[in-house]
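Asks: This is the structure I have questions about; it appears just below.
The values are calculated or read from the model by the stated rules, or taken from the named source; none is laboratory data. Not measured: the values here are computed from a predicted model. Methodologically, a virtual Cβ is constructed for each residue, glycine included, from the backbone with ideal geometry; neighbour enumeration extends over all protein chains shown. Just the protein is used for accessible areas: all its heavy atoms, side chains included, with ligands, DNA and RNA removed. Shrake-Rupley method; radii C 1.70, N 1.55, O 1.52, S 1.80 Å.
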Amino acid sequence: MGHRHIVFYSIVITVIVLVVFALREQKVHKQTVDEKLASAIQKQILPSDKTLSKTDSKLPSYLYGRADLNNDGREETFVLMQSESYCEKNECKAFLFDDKYKIMAKWEKIQQPVLVGDQISNGWKDILLTADNKMYVIQYANKTYNEKISTAPKYTDKAQALEAVGLAIDSEYYQANGTNLELDYNQPIFDCQTCYLFSYEELDDTNSQQHYLAVNVATGSVREVKDPRDDQL
């Protein structure tokens, strides 16, 4: 085997090792971050003698999403509780943790979707919260986010939602054999303001299996995604 071949294979092996190592480090980091969040919830939300209970619908005890809300390179974490002790019907308590996992704001009776807004107030991105089937713009002021939803301005996205429906219907996925398109509110926590999730079925599917499309109106993109509940189980 020539010298060039030896060098080439050495480079390939080195690249493979580095990729595997990077993926392993990423997994370890995610586990560490998730453990920090779980510990913060246990210490700051739950009573000292309690642990999180499971939900009847087999969902996790809480849903969460992360975003860098103030563009400092560190992410804040939004937590939407799911267990019965923190929910009334389909409305639950929600908490926003800073990058050091300290609670910086909290709300009552929140539903999905929970989105990151496009606008910035006092250096922090707005948060779009859903309560009582209405969406509100939660702005940052006086070193915290507005916790009184009743005083927050309402957010209307009817025109944008209609555009999202059109993009979903015109997509190659739905045009192929789709039917029964419906808006699905189980979006990832801290999805973007122009993002929507749709479910649909296939005409010749006797099992009525649900398929899902993620639509971003801002970019005009439509992509197939797996059942969002799979990441919650």
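Asks: At R0 = 35 Å, how high is the FRET efficiency between N70 and E172 if r is their beta carbon distance? Nearest 0.05 is fine.
Replies: For N70 and E172, the calculated efficiency is 0.35.
Asks: How much accessible area does I120 have with a 1.4 Å probe, in Å² rounded to the nearest 10?
Replies: Rounded to the nearest 10, the figure is 100 Å².
Asks: Can you sort W107, W124 by 1.4 Å-probe accessible area, starting with the largest?
Replies: Solvent-accessible surface, decreasing: W124, W107.
Asks: With all protein chains present and a 1.4 Å probe, how do D72, D205 order by accessible area, largest first?
Replies: Ranked list, largest accessible area first: D72, D205.
Asks: Placing +1 on the Cβ of each Lys and Arg and -1 on the Cβ of each Asp and Glu in the stretch 108-233, which of S208, N142, Q193 has its Cα farthest towards the positive end of the resulting dipole?
Replies: N142
Asks: Right, here's the next one. I'd like the FRET efficiency for M104 and L181, computed as 1/(1 + (r/R0)^6) with the beta carbon distance as r and R0 of 45 Å, rounded to 0.05.
Replies: Rounded to the nearest 0.05, the efficiency is 0.75.
Asks: How much of Y212 can a 1.4 Å solvent probe reach, expressed as accessible area in Å² and rounded to 10?
Replies: 20 Å²
Asks: Based on the Cβ-Cβ distance from N90 to T144, what FRET efficiency comes out when R0 is 35 Å, to the nearest 0.05?
Replies: Rounded to the nearest 0.05, the efficiency is 0.85.
Asks: Still on this structure, I have one more. Structure shown: which of K89/K226; K93/K148; K102/K154 lie over 23 Å apart, alpha-carbon to alpha-carbon?
Replies: Cα-Cα > 23 Å for K89/K226; K102/K154; rest within.
Asks: Let me ask another. So how do K148, K125, K109, K143 rank on accessible area, 1.4 Å probe, biggest first, that is with the largest at the start?
Replies: K143, K148, K109, K125
Asks: So what are the ³J(HN,Hα) numbers for the stretch 201-206, from phi and the Karplus equation (6.51, -1.76, 1.60; θ = phi - 60°), rounded to whole Hz, Gly and Pro as x?
Replies: Per residue, the Karplus-derived 3J(HN,Hα) values read 10, 9, 4, 9, 8, 5 Hz.
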